[in-house]
Amino acid sequence: MKKMNDRIKFSGHTMGAPQWDIYQIIKEFKKIGYDGIEVRVAADGQINSETLTDAEAKKIRKAADKEGMEFSCLVSYYQNFVDLEKRVDVIKNLKRVVEIASILHCPLIRVYGGVEPFSTAVPVEIKDAKGKKQTVIGGGTWFCDCWTRTVDGIREVAQYAAKFGVGVAIETHVGSITMTIRDTVRMVKDINMANVGILFDYAWVELAGVEQGAEAVRAAAPYIVHCHVKDWTLEQRFPIKKKSCLMGNGTVRWKEVLTELKKVGYTGYISDEYEKYWYPKELPSTEEGMGHNLAFVKKFILG
């Protein structure tokens, strides 16, 4: 997939500022020092793709142009390509996100790599050999079906996106079947579309435990079209127990990873996924936290 920039740029994710609407974010993120904005697209996000009109999208684009700000990625939360009824709406809604991205001159939309097979399982009541009732988990979807339905679904979205010149970035993310670089690369290859690449969210890759540090960067490098950064202190891997924190104060190997990203020649956006939306009490203010994170990342990328 063709890179969207000829150099590394920096954007802020709007989850870092849940208290502001998109118009205020355009102004405030410019003050912090970002080149662009990554937008949380959800019913309670700064953009709701199911209600936003083309006219309103054009108004947002005009406001960003006035401030000299770009949009780096639209982050949707539609995920279930497996359920044969739900996937129809998932694909339809993702296509609408593509349309909005085109109006905003945004080069990418984020897509989850489907859902994990066990998430489709349901409680089933059975009787044991003595006739006693008990509840077990069953009725799930085979992994191969999860995989092929997800590949086919994302490919359909990507084919639509290609008509608008928009790319699809599959994120390495917990709760999907693309948490590791190994699996995400496989999915990109199976989809086999020129406008599909990887949203490299290294923190989750490290948590998965298959690839680590510079090794993970090198494995993903040919396919990376967008990057997320965030930090946390990890106490245990399973069940997950972690605490969100400022960049450089956690356990994620960011110094090694950022140095390697620069070394492999990555060009594109590095986006601060400051998790203020999820952890409002754990993190400092938007201005303080995102300002710190931007300075931290720039030290390794530009220094």
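Anything in segment 70-90 that is farther than 17 Å from Gly167 by Cβ and either of a type outside the set (S, T, N, Q) or touching a strand residue (DSSP E or B) at 6+ places or on another chain (Cβ under 6 Å) (or both)? List them, or say none. Lay out the reasoning, then the answer.
Taking segment 70-90 and keeping what is farther than 17 Å from Gly167 by Cβ, we get 77, 79-90.
Scanning segment 70-90 gives Tyr77, Gln79, Phe81, Val82, Asp83, Leu84, Glu85, Lys86, Arg87, Val88, Asp89, Val90.
Would you be able to say whether some residue in segment 36-53 is in contact (Cβ under 8 Å) with a residue 60 or more places away in the chain, farther than 23 Å from Val157 by Cα and part of a loop (DSSP other than H, G, I, E, B)?
no
Out of contact with any His (no Cβ under 7 Å at 6 or more places or on another chain), closer than 25 Å to Val185 by Cβ, modelled with pLDDT of 95 or more and assigned to a loop (DSSP other than H, G, I, E, B): which single residue out of Glu256, Glu206, Glu260, Glu211 fits that description?
Details: Glu256 fails: assigned to a loop (DSSP other than H, G, I, E, B); Glu206 fails: assigned to a loop (DSSP other than H, G, I, E, B); Glu260 fails: assigned to a loop (DSSP other than H, G, I, E, B).
Going through Glu256, Glu206, Glu260, Glu211 in turn, the sole match is Glu211.
Please determine whether any residue of segment 79-88 is under 21 Å from Phe200 (Cβ atoms) and not in a strand (DSSP E or B).
To start, the set of residues in segment 79-88 that are under 21 Å from Phe200 (Cβ atoms) comprises 79.
Now restrict to residues that are not in a strand (DSSP E or B): 79.
Within segment 79-88 (the criterion being under 21 Å from Phe200 (Cβ atoms) and not in a strand (DSSP E or B)), the answer is yes, since at least one residue qualifies.
Residues are listed down the side, and each one gets a yes or a no for (1) of a type in the set (Ser, Thr, Tyr); (2) under 20 Å from the mean Cα position of the chain (by Cα); (3) farther than 23 Å from Ala208 by Cα:
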{"site": "Phe238", "(1), (2), (3)": "no, no, no"}
{"site": "Met247", "(1), (2), (3)": "no, yes, no"}
{"site": "Val252", "(1), (2), (3)": "no, yes, no"}
{"site": "Glu260", "(1), (2), (3)": "no, no, no"}
{"site": "Lys263", "(1), (2), (3)": "no, no, yes"}
{"site": "Tyr266", "(1), (2), (3)": "yes, yes, no"}
{"site": "Pro280", "(1), (2), (3)": "no, yes, yes"}
{"site": "Pro284", "(1), (2), (3)": "no, no, yes"}
{"site": "Met290", "(1), (2), (3)": "no, yes, yes"}
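Would you pick out the residues in segment 236-289 that are over 23 Å from Val217 (Cα atoms), of a type in the set (Lys, Arg) and out of contact with any Leu (no Cβ under 9 Å at 6 or more places or on another chain)?
Residue satisfying the conditions is Lys281 alone.
Hey, can you tell me all the residues within segment 159-190 that are over 13 Å from Tyr112 (Cα atoms) and either among the charged types (D, E, K, R) or in contact with a strand residue (DSSP E or B) (Cβ under 6 Å, 6 or more places away or on another chain) (or both)? Steps first, answer last, please.
Just the residues of segment 159-190 that are over 13 Å from Tyr112 (Cα atoms), to begin with: 159-167, 181-182, 185-186, 189-190.
Within segment 159-190, Ala161, Lys163, Gly167, Arg182, Arg186, Lys189, Asp190 meet the criteria.
For segment 191-206, give me the residue count where each residue is surrounded by fewer than 18 Cβ atoms within 10 Å (Cβ to Cβ) and out of contact with any helix residue (DSSP H, G or I) (no Cβ under 9 Å at 6 or more places or on another chain).
0
Of the residues that make up segment 216-223, is at least one basic (Lys, Arg), touching a residue at least 24 places away in the same chain (Cβ under 8 Å), out of contact with any His (no Cβ under 6 Å at 6 or more places or on another chain) and surrounded by fewer than 16 Cβ atoms within 10 Å (Cβ to Cβ)?
Of the residues in segment 216-223, the ones basic (Lys, Arg) are 218.
Those still in the list that are touching a residue at least 24 places away in the same chain (Cβ under 8 Å) too: 218.
Imposing the further condition that a residue be out of contact with any His (no Cβ under 6 Å at 6 or more places or on another chain) reduces the set to 218.
Of the ones still in play, those that are also surrounded by fewer than 16 Cβ atoms within 10 Å (Cβ to Cβ) are 218.
Yes: segment 216-223 contains one or more residues that are basic (Lys, Arg), touching a residue at least 24 places away in the same chain (Cβ under 8 Å), out of contact with any His (no Cβ under 6 Å at 6 or more places or on another chain) and surrounded by fewer than 16 Cβ atoms within 10 Å (Cβ to Cβ).
Of everything in segment 261-273, what is touching a Lys or Arg at 6+ places or on another chain (Cβ under 7 Å) and crowded, with 16+ Cβ neighbours inside 10 Å? Give them in sequence order.
Residues of segment 261-273 that are touching a Lys or Arg at 6+ places or on another chain (Cβ under 7 Å), as a first pass: 264, 267-269, 273.
Hits for segment 261-273 are Gly268, Tyr269, Glu273.
How many residues does segment 263-302 hold that are within 16 Å of Phe29 (Cβ to Cβ), among the charged types (D, E, K, R) and not in a loop (DSSP other than H, G, I, E, B)?
Number of matching residues: 4.
The values are calculated or read from the model by the stated rules, or taken from the named source; none is laboratory data. Computed from a predicted model, the values in this text were never measured in an experiment. A quick note on method: Cβ atoms are made from the backbone with ideal geometry, for glycine too, and the neighbour counts reach across all protein chains shown.
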